[in-house]
Each structure stands twice: as C-alpha cells, then as structure tokens.
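Below is one structure, written out as structure tokens; comments come after it.
FYI, it's all coordinate maths here, none of it is from the lab. These numbers come from a predicted model, not from an experiment. No Cβ is skipped: glycine too gets one built from the backbone with ideal geometry, and neighbour counts run over all protein chains shown.
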C-alpha cells in the first residue's frame, strides 16, 4: 500500500518581501478582541501566575501576546478603607504566641509525668519539646537523636538563651531608657529615694548645718572627710543636700576604685549618682556645672581603725586643689560625723583581701560573726557641717596649679579646715553617738 498523501499545512499570512503591508486580519478578529476586552480579570491573572501566557486572538495558549491599549486591565490596589496591621496588633500576636507556647510546654510536662511507662508518649513529648525549642530559638542546633529520649529534648530547650532573655527583661523593668554619661539612672534614683529618706530621717537621724553656704548654680567642689567601712557618707550627703539646701541641689561624688568595681555595691552607687574617682571625670563634672564632692583621704580614710576615728589622714598630693584652680570653681570644706560608728573597725584582715579585690576585710563587732547581717550599719546619729568657701583658692588663677609649693600649702589649709569642722560637729553632737 502506498502511504497516505499528506495534506499541506496552512500557513498564516506573512508580510511580503520588500516591506509590503501585511495581509488584512480575519474578519472575526474584531469580535474576538472585543470579547477579550471584557474577559474577567481573575482568569488572565491566574494564567500569568501559571506561566501559560495569555490566550492569543485565536483562543489558543501560545506565546504571550502584548495586549492592545484598550485590552489592558488595571488591577486595583488596596483600598484606602482597608484595615492595615498596626504595631499593637503585632504585639498582641507575639504575646499570644508566647502564651500558646507556655501552655504547650505545661501540657507536655504533665503528659510526661502521666506517661511514665509509655515509651511512645515519652517519645512524642521529646519531639514536641524539640519543636518548642526550635520556635523559641531559631538558631538552635539540630534535633538530637530520638534514641536519647526526653532528656535530650529537655536539654535542647534549656540550652537556649530564652531564659536569659527573659531574665534580662525582668532586670530592666522600671529602669529609664537613658542614663547620663556617668551612669546616673533617674528612674531608679526616683524609686530608691523614699528608702534613702527613711534611712536619713529615722535611722541615722542626720542633722545638717550650713547647707545654704553652697552656691545655687555652677560648678562647686565639696571637700569632705572619709569614714566608715562602707561608703554611706556620700549617700547621706546627697540626701542631706536634697533636704537642707534651699535649691535642693543634686550631688555627684567620687568613689574609690575598689568600691566602684565591687559587685552590686558599685553598680548601685553608680546608678544613684556616684562616679569613679579620676581627674578626667571630676573635670568634666565641674565643667558641666555640677556639685561635686571629693574625699581626698581615699582608701586610708576607710581603713583606719576605730581607735583613730575622725583623725584625718593625708590629703594625697593635692590633685583636687589643682583641679579646682584650673576649673575656677569654689572649694568648700565639709565635715561628716557619724560614719565611723556605723562599722567600728576592730581589726583588718589583708590575707585574702586582694583575691576579692578589696583593700582589706574589716572585722567589726557584727561582721563576720553575724554573716550578711553584719553588713547592716549600726544606727548612729549623724551630723553634717558645711563650712565657708576657702578664699585663698578663689584669689588665685589657673597658673597657680603648676606651682607645687602653692598647691601643697593650700592642701594643708584645706585639711586643717575640714579637721576643725569635724571637731566642732563632734562637740555639737555630744558624747553619745547613738542616743
């Protein structure tokens, strides 16, 4: 048999050679274009999404054709009246997710206790704990082998930083979003002030004299005696000026390195106004017009035994005098009486002090015999006396800070003024330090 005769394929009309006009389109094309114009938008959009291209003018799915201007369909955007997600909605959804996770975890733990002998239930609980850990900590390591059971699932959950983040959020509650350059936290200070007021008025029963001698504005340096095994003198002076000064001036005071770097104590003092003692910090505070208190005795003031109480030690090399001369600020002597009786130092242990970062370990009538309770200060009566500004420093210019003889002479005069105020405060307070 001979092969069936093949019919020639019909070709679409093409343009003639030489740039002649193409053949006219079929007569049915205008009707089809009109029908395509009114074609539903969803059909054409779905065709584009499937990558099939738009139907051509003959109704077949060929290569995508460029629609005419009148056949293009504009897909409307979101309406102005449509609701948009807000930050509160996002926060609520996050909170709901966390609560859902907590409920799932509580349910899983109860299932573990109830399915003690059921290996299948324990395996399901282990897998569920692994899923919860993956949701709480996306960067968690891959799930541990199933043969290890529930213990490895719990270990995977506890190995994440979820609980550390929660502890950090709890520790930051009630704190301000901004602290100053030296670490003062206004929010925390406002919260702790009522407690300090109670200690000031009822426990130490502080009396203040001469607070009005402190200028109301501008940089001022207060030079004070240092006493007590723990630095209550700077805290009580801050509270005293807040109560007794006419303008309730805020005080910043320099604290020793061993106190500033002590765990808990250094951070607590720093948040309520203490600043690490160094010339740069003192100079910046005075330039900003702050009221600054310094304790030139340093560590020697708090390490002297009770038998030498209220006997001022050497005032260093006069660094505070040089700073006051360069900053051109008034220097006022201040006596603080009462701190020596809060922790009567009977003996100093230096054997293990360096290992703890302390200059010494004090032995008092209550510490270390009562343990942590021995750190509670004794309820002595305090008296604070503010003297007159030292006129000799105000009469000199900044160049006097380079003269060592002048600086030493002014330093000794300042130490003598503070010692005289201390003796006066002791006589005014009376022989009994507690009643």
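Ranked by the mean number of other Cβ atoms within 10 Å of their residues, highest first, the peptides 187-195, 211-219, 314-322, 247-255 come out as 314-322, 247-255, 211-219, 187-195.
With neighbours defined as other Cβ atoms within 10 Å of a residue's Cβ, the residues 295, 204 order from fewest to most as 204, 295.
Shape summary of the stretch 186-429, radius of gyration then Dmax from alpha carbon positions: 17.4, 53 Å. The mean sequence distance of close C-alpha pairs (under 8 Å, at least 6 residues apart), as a share of the length of the stretch 229-341, puts its relative contact order at 25 percent.
Under the criterion of Cα pairs below 8 Å and six or more residues apart, the relative contact order for the stretch 186-429 equals 26 percent. If both residues of a DSSP beta bridge must be in the stretch 186-429, then about 30% of such bridges are antiparallel. Computed from the C-beta positions of residue 427 and residue 361 and an R0 of 22 Å, the FRET efficiency is 0.10 to the nearest 0.05.
Please compute P(r) over all alpha-carbon pairs of the stretch 360-400, binned at 5 Å starting from zero, and give each bin as a whole-number percent. Histogramming the stretch 360-400 at 5 Å steps yields 5, 15, 14, 9, 8, 8, 8, 10, 12, 9, 3 percent.
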